[in-house]
There are 2 protein chains.
Amino acid sequence: MHINTNYQNIAETYLFSEVARRLREFQAANPDAPVIKMGIGDVTRPLCKSSVEAMKKAADEMGTAEGFHGYGPEQGYDFLKEAIAAYYVKTSSVKLALNEIFISDGAKSDIGNILDIFGDDNTVVVTDPVYPVYVDTNTMAGRSVTYLPSSEENGFAPMPNGVKGDIFYLCSPNNPTGSAYTRAQLKEWVDYANSLDAIILFDSAYESFIEDKDIPRSIYEIEGARTCAIEFCSLSKTAGFTGTRCGYTVVPDDLVRDGQSLQKMWLRRQTTKFNGVSYLVQRAAEACFTEQGLAEITENIQYYKRNAAVMCTTFDELGWFYTGGHNSPYIWFKCPDNMDSWTFFDDLLKKANVVGTPGCGFGKCGEGFLRLTAFNTYENTVEAMERIKKIYK
Amino acid sequence: MHINTNYQNIAETYLFSEVARRLREFQAANPDAPVIKMGIGDVTRPLCKSSVEAMKKAADEMGTAEGFHGYGPEQGYDFLKEAIAAYYVKTSSVKLALNEIFISDGAKSDIGNILDIFGDDNTVVVTDPVYPVYVDTNTMAGRSVTYLPSSEENGFAPMPNGVKGDIFYLCSPNNPTGSAYTRAQLKEWVDYANSLDAIILFDSAYESFIEDKDIPRSIYEIEGARTCAIEFCSLSKTAGFTGTRCGYTVVPDDLVRDGQSLQKMWLRRQTTKFNGVSYLVQRAAEACFTEQGLAEITENIQYYKRNAAVMCTTFDELGWFYTGGHNSPYIWFKCPDNMDSWTFFDDLLKKANVVGTPGCGFGKCGEGFLRLTAFNTYENTVEAMERIKKIYK
């Protein structure tokens, strides 16, 4: 028996363990320091009431002979697909057929698993800095990855610029940089992908943070996207489902390559290697998209956005270059005095007792940047910004 | 962009759609016929009370700031791993370290996804008849599959018999045949796999139906299994979780190939392409393994086993050859008068108004056999057996 030797080519990332190590050492030496953690990439607000009630109702149903649900459709129940289709119409005027929507246990699973339906000989393009999952999942399959540099100059929203590739990963609003593509920029990407017969894997996990009218919430707002794009989204950031687990993937009817429907291939993949999402979780997700549910989850998103606004104001006052904060829970900013990421990480921890995430951990182009998130409490966010202003002004 | 062309080699299976079509036609022609469906491969009893209460409690927790759970460990919470480790000790005296246990959304997912860590050049051996997922997932990856014939002669529990291979799939108690390997038979398989440096993928989804002391409930009861076997199990049949979704996979510390720990590779696969099982579902699963929970789920299993016993008695009286029924919710029997599977399917539907699953749908060696399941109600099972006795005695 031979292993998949591609696994030996995956780069070990020590980013978060190194952050944890430095924090541990600092706290051991300074046990009374009032540390504020702003590296958190996870939501912190509780699930909305509508979801909680829906889960309890579904649990009761499952305990009765009449309400019991066994195996469901691998691609998800229609009641949830209908709710998601209606959400698309409401938020982006995009109309989807139910068979184009696939329910899953989260965007991370689908972003990894979708690669099953593509040949191993495709060239993959990611933007740098990058969400490591895009790179690692392709390395596991033996595919070569090309990095498209992001920078202050392109506002961390790089354009194709003639790059060769078969599969393009775009994440907008971006993790980790918080940058988001405008309508015109996405149109350029869609036209480019179609011209090459390439595929865009569009990660829209942060779409619910978008406020600007000029930033599309779905790539299908762009003409031509239905022939080149697969969109991944989840309720993790939209409704605080990071621990509840529910996502959805859109594979349009029009997406055909080598004469095969990618939607049919994905359906085949899912019916063979997946058995659907828990009935309870699908009911919880459905509840988020009711009028009441939407009002409740919007309240949580507004809470995080208020934090992000406080951070933007601070960096505006300091005159530091940053992306995100608007349309995103992430603020990605240039370290002052040309410090590199780890030097500033240590400086910020020591002087302000604030923990961020060094940008260099997300790729070469992240060097000299730091990421803060809006997922802490309002009080902590205000306090952290006050400290930063006082120290670095 | 090129697709994964291996998908075009997957055999389309029309088994269940053809069953549905013939049933539809029969019912259209005979609208008053009292049809009893005994092809059901899904549980029908409601979730146990302990699980329902655990889910409701977890839902309430998730609705509070203090009880909220975001991202959990991809490989599952320790509270559930500890419950599963204790279950192993109780049911099979097998001791597992927590890092050897991986929680997932079901055995089907893991059985498919585990292939990620193996090279594509391995030869795969399955028994015929076979659960189609073993074949299709390998076909998708371009691997060749060897079929090991089962038959009346080997009691549908085939032994290695010198077959060449790198990855052996064993399912015991078996789906679809209900046959189960004895301790001595499994020992032979384990020794054989170790002698070849091969891997056994052991599907024990039906372990909770085992009653005979001589049938191991876990492959790790067999000496040597820790260096050659990965075990997949789930709460689907054990606790009626087919719609709730929770399974677990055991990858022992001792499992090393090409100098690499398969456990570390699987951990890497899961942390990269998976984000863990819903906190609620993990709490529901934990509740099944408490003293109270075990008593409740055992009651459901006993219900199905009583059905199976009624079926065994019937086939004993008729003198028909069958496997399963004992240690399994499936009864796999030889069609009378040497009828082929579809001929007898039609005969049984027409004369007894009972629906089974034609054995030929699970592979060449299933021709001439039919599968019935114990998942209907007791009353329907008794009625169906009465009809069969009356017609075929």
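Which residue is surrounded by the fewest Cβ atoms within 10 Å (Cβ to Cβ), if the candidates are limited to the stretch B:128-145 and must be among the small types (Gly, Ala, Ser) and more than 9 Å from chain A (Cβ to nearest Cβ)? Show your work before the answer.
Quick first cut of the stretch B:128-145, residues among the small types (Gly, Ala, Ser) only: B:141-142, B:144.
Adding the requirement that they be more than 9 Å from chain A (Cβ to nearest Cβ) leaves B:142, B:144.
Values: B:GLY142: 13, B:SER144: 11.
Among them, the one singled out is B:SER144.
Output the residues belonging to the stretch A:145-174 that are out of contact with any strand residue (DSSP E or B) (no Cβ under 9 Å at 6 or more places or on another chain) and in contact (Cβ under 8 Å) with a residue 60 or more places away in the chain.
Of all residues in the stretch A:145-174, those out of contact with any strand residue (DSSP E or B) (no Cβ under 9 Å at 6 or more places or on another chain) come to A:151, A:153-154, A:162.
Selection gives A:SER151 alone.
Six or more apart or on different chains, Cβ under 6 Å: which pairs go from a residue in the stretch B:104-132 that's at positive phi and touching a residue at least 12 places away in the same chain (Cβ under 8 Å) to one that's assigned to a loop (DSSP other than H, G, I, E, B) and not polar (S, T, N, Q)? Could you list them?
Here the result reads B:GLY106/B:ARG245, each pair linking the stretch B:104-132 to a residue that is assigned to a loop (DSSP other than H, G, I, E, B) and not polar (S, T, N, Q).
Could you say which residue among B:GLU25, B:GLU18 is more than 9 Å from every other protein chain (Cβ to nearest Cβ), open to solvent by 50 Å² or more (accessible area, probe 1.4 Å) and among the acidic types (Asp, Glu)? First the steps, then the outcome.
Numbers: B:GLU18 fails: open to solvent by 50 Å² or more (accessible area, probe 1.4 Å).
Only one candidate passes the filter, namely B:GLU25.
For (1) more than 7 Å from chain A (Cβ to nearest Cβ); (2) in contact with an Asp or Glu (Cβ under 9 Å, 6 or more places away or on another chain), each residue gets a yes or a no:
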| position | (1), (2) |
| --- | --- |
| B:SER50 | yes, yes |
| B:LYS57 | yes, no |
| B:PHE68 | no, yes |
| B:GLY72 | no, no |
| B:TYR87 | yes, no |
| B:LEU98 | yes, yes |
| B:ASN113 | no, no |
| B:THR123 | yes, yes |
| B:VAL126 | yes, no |
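Out of the stretch A:58-67, which residues are under 25 Å from A:THR238 (Cβ atoms) and not hydrophobic (A, V, I, L, M, F, W, C)?
Of everything in the stretch A:58-67, just one residue is under 25 Å from A:THR238 (Cβ atoms) and not hydrophobic (A, V, I, L, M, F, W, C), namely A:GLU61.
Just one of the numbered conditions (1) in contact with a Cys (Cβ under 7 Å, 6 or more places away or on another chain); (2) surrounded by fewer than 22 Cβ atoms within 10 Å (Cβ to Cβ); (3) assigned to a helix (DSSP H, G or I); (4) away from chain A (no Cβ under 14 Å) is not true of B:ASN194; which one?
With respect to (1) in contact with a Cys (Cβ under 7 Å, 6 or more places away or on another chain); (2) surrounded by fewer than 22 Cβ atoms within 10 Å (Cβ to Cβ); (3) assigned to a helix (DSSP H, G or I); (4) away from chain A (no Cβ under 14 Å), B:ASN194 is out only on (4).
Tell me which residues, restricted to the stretch B:319-335, are under 24 Å from B:VAL19 (Cα atoms) and in a loop (DSSP other than H, G, I, E, B). Full working, then the answer.
Of the residues in the stretch B:319-335, the ones under 24 Å from B:VAL19 (Cα atoms) are B:320-325, B:328-335.
Within the stretch B:319-335, B:TRP320, B:PHE321, B:GLY325, B:SER328, B:PRO329, B:CYS335 qualify.
Hey, among A:ASP110, A:ASP128, which residue is in contact with a helix residue (DSSP H, G or I) (Cβ under 6 Å, 6 or more places away or on another chain) and of a type in the set (D, E, K, R)? Show your work before the answer.
Working: A:ASP110 fails: in contact with a helix residue (DSSP H, G or I) (Cβ under 6 Å, 6 or more places away or on another chain).
Every option except A:ASP128 fails the conditions.
Taking B:ASP316 as the residue in question, decide whether it is more than 9 Å from chain A (Cβ to nearest Cβ), assigned to a helix (DSSP H, G or I) and modelled with pLDDT of 95 or more. Step through it out loud before you land on a result.
Details: more than 9 Å from chain A (Cβ to nearest Cβ): yes; assigned to a helix (DSSP H, G or I): yes; modelled with pLDDT of 95 or more: yes.
Yes, satisfied.
Among (1) out of contact with any strand residue (DSSP E or B) (no Cβ under 9 Å at 6 or more places or on another chain); (2) within 14 Å of another protein chain (Cβ to nearest Cβ), which single condition is B:ARG226 missing?
Only one criterion in (1) out of contact with any strand residue (DSSP E or B) (no Cβ under 9 Å at 6 or more places or on another chain); (2) within 14 Å of another protein chain (Cβ to nearest Cβ) is unmet by B:ARG226, namely (2).
Which number in (1) open to solvent by 30 Å² or more (accessible area, probe 1.4 Å); (2) part of a loop (DSSP other than H, G, I, E, B); (3) within 13 Å of another protein chain (Cβ to nearest Cβ) marks the one condition that A:ASN275 misses?
If we test A:ASN275 against (1) open to solvent by 30 Å² or more (accessible area, probe 1.4 Å); (2) part of a loop (DSSP other than H, G, I, E, B); (3) within 13 Å of another protein chain (Cβ to nearest Cβ), just (1) comes out false.
Would you tally the residues in the stretch A:1-15 being touching a helix residue (DSSP H, G or I) at 6+ places or on another chain (Cβ under 7 Å) and either open to solvent by 60 Å² or more (accessible area, probe 1.4 Å) or away from chain B (no Cβ under 12 Å) (or both)?
3
Considering only the stretch B:218-236, how many residues are surrounded by 24 or more Cβ atoms within 10 Å (Cβ to Cβ) and part of a loop (DSSP other than H, G, I, E, B)?
Adding up the residues that qualify gives 2.
Just one of the numbered conditions (1) in contact (Cβ under 8 Å) with a residue 60 or more places away in the chain; (2) out of contact with any Gly (no Cβ under 9 Å at 6 or more places or on another chain); (3) facing chain B (nearest Cβ under 8 Å); (4) polar (S, T, N, Q) is not true of A:THR44; which one?
In the conditions (1) in contact (Cβ under 8 Å) with a residue 60 or more places away in the chain; (2) out of contact with any Gly (no Cβ under 9 Å at 6 or more places or on another chain); (3) facing chain B (nearest Cβ under 8 Å); (4) polar (S, T, N, Q), A:THR44 misses (2) alone.
Anything in the stretch B:146-174 that is open to solvent by less than 30 Å² (accessible area, probe 1.4 Å) and out of contact with any Pro (no Cβ under 9 Å at 6 or more places or on another chain)? List them, or say none.
B:GLY155, B:ALA157, B:PRO160, B:VAL163, B:GLY165, B:ILE167, B:TYR169, B:LEU170, B:CYS171, listed by residue number.
(1) surrounded by fewer than 24 Cβ atoms within 10 Å (Cβ to Cβ); (2) within 11 Å of another protein chain (Cβ to nearest Cβ); (3) within 25 Å of A:PHE168 (Cβ to Cβ): which one isn't true of A:ARG283, the others all being true?
Only one criterion in (1) surrounded by fewer than 24 Cβ atoms within 10 Å (Cβ to Cβ); (2) within 11 Å of another protein chain (Cβ to nearest Cβ); (3) within 25 Å of A:PHE168 (Cβ to Cβ) is unmet by A:ARG283, namely (3).
So which residues in the stretch A:148-163 are among the polar types (S, T, N, Q) and touching an Asp or Glu at 6+ places or on another chain (Cβ under 8 Å)? Let's see the steps before the verdict.
Kept after step one, since they are among the polar types (S, T, N, Q), are these residues of the stretch A:148-163: A:150-151, A:154, A:161.
Once the filter is applied, which keeps residues that are among the polar types (S, T, N, Q) and touching an Asp or Glu at 6+ places or on another chain (Cβ under 8 Å), the stretch A:148-163 yields only A:SER150.
Sort out which residues of the stretch B:336-360 are surrounded by 24 or more Cβ atoms within 10 Å (Cβ to Cβ), outside any strand (DSSP E or B) and under 24 Å from the mean Cα position of the chain (by Cα), and write them in order of number.
B:PHE345, B:GLY356, B:GLY359
I'm checking my understanding of the structure. Among residues of the stretch B:242-264 that are assigned to a strand (DSSP E or B) and of a type outside the set (Val, Ile, Thr), which one is farthest from the other protein chains (Cβ to nearest Cβ)?
First, pick out the residues of the stretch B:242-264 that are assigned to a strand (DSSP E or B): B:247-250, B:256-257, B:260-261.
Keeping just the survivors that are of a type outside the set (Val, Ile, Thr) gives B:247-248, B:257, B:260-261.
On the way: B:GLY247: 9, B:TYR248: 14, B:ARG257: 5, B:GLN260: 5, B:SER261: 10 Å.
Result: B:TYR248.
Checking A:ASP212 against (1) within 14 Å of chain B (Cβ to nearest Cβ); (2) open to solvent by 10 Å² or more (accessible area, probe 1.4 Å), only one condition comes out false. Which one?
All conditions are met except number (1).
I'm told B:GLY142 meets every condition in (1) over 30 Å from A:ASP136 (Cβ atoms); (2) touching a residue at least 12 places away in the same chain (Cβ under 8 Å) except one. Can you identify the failing condition by its number?
Of the numbered conditions (1) over 30 Å from A:ASP136 (Cβ atoms); (2) touching a residue at least 12 places away in the same chain (Cβ under 8 Å), the odd one out for B:GLY142 is (1).
Could you check the stretch B:45-57 and list, in sequence order, the residues that are open to solvent by less than 50 Å² (accessible area, probe 1.4 Å) and more than 16 Å from B:ALA239 (Cβ to Cβ)? Show your work before the answer.
Our first condition is that a residue be open to solvent by less than 50 Å² (accessible area, probe 1.4 Å); within the stretch B:45-57, this holds for B:46-48, B:50-52, B:54-56.
Answer for the stretch B:45-57, where residues must be open to solvent by less than 50 Å² (accessible area, probe 1.4 Å) and more than 16 Å from B:ALA239 (Cβ to Cβ): just B:LYS56.
Take the residues of the stretch A:102-118 that are more than 18 Å from the chain's Cα centre (by Cα) and open to solvent by less than 10 Å² (accessible area, probe 1.4 Å): which is nearest to B:GLN282 (Cα to Cα)?
Step one: list which residues in the stretch A:102-118 are more than 18 Å from the chain's Cα centre (by Cα), which gives A:116-118.
With open to solvent by less than 10 Å² (accessible area, probe 1.4 Å) added as a condition, the list becomes A:117-118.
Working: A:ILE117: 30, A:PHE118: 33 Å.
Among those residues, the one meeting the criterion is A:ILE117.
Name the single residue, out of those in the stretch B:314-331 being closer than 18 Å to B:PHE375 by Cα and touching a helix residue (DSSP H, G or I) at 6+ places or on another chain (Cβ under 7 Å), that is most open to solvent (accessible area, probe 1.4 Å). Steps first, answer last, please.
So the first thing to find is which residues in the stretch B:314-331 are closer than 18 Å to B:PHE375 by Cα, and the list is B:314-315, B:322-331.
Next, only the ones that are touching a helix residue (DSSP H, G or I) at 6+ places or on another chain (Cβ under 7 Å) stay: B:314, B:322, B:325-329, B:331.
Working: B:THR314: 3, B:TYR322: 39, B:GLY325: 10, B:HIS326: 91, B:ASN327: 10, B:SER328: 3, B:PRO329: 1, B:ILE331: 0 Å².
Out of the qualifying residues, it is B:HIS326.
For the subset of the stretch B:179-191 comprising residues that are outside any loop (DSSP other than H, G, I, E, B) and open to solvent by 10 Å² or more (accessible area, probe 1.4 Å), which member is nearest to the other protein chains (Cβ to nearest Cβ)? If you could, list the steps in order and put the result at the bottom.
The initial filter retains those residues of the stretch B:179-191 that are outside any loop (DSSP other than H, G, I, E, B), namely B:183-191.
Checking the rest, the ones that are also open to solvent by 10 Å² or more (accessible area, probe 1.4 Å) come to B:183-185, B:187-188, B:191.
Values: B:ARG183: 24, B:ALA184: 24, B:GLN185: 21, B:LYS187: 20, B:GLU188: 19, B:ASP191: 16 Å.
Going through the qualifying residues, I end up with B:ASP191.
The values are calculated or read from the model by the stated rules, or taken from the named source; none is laboratory data. All of these numbers come straight from a predicted model, not from anything done at the bench. As a convention, Cβ positions derive from the backbone with ideal geometry for all residues, glycine included, and neighbour counts pool all protein chains shown. Accessible surface areas use protein heavy atoms only, side chains included; no ligands, DNA or RNA. Shrake-Rupley method; radii C 1.70, N 1.55, O 1.52, S 1.80 Å.
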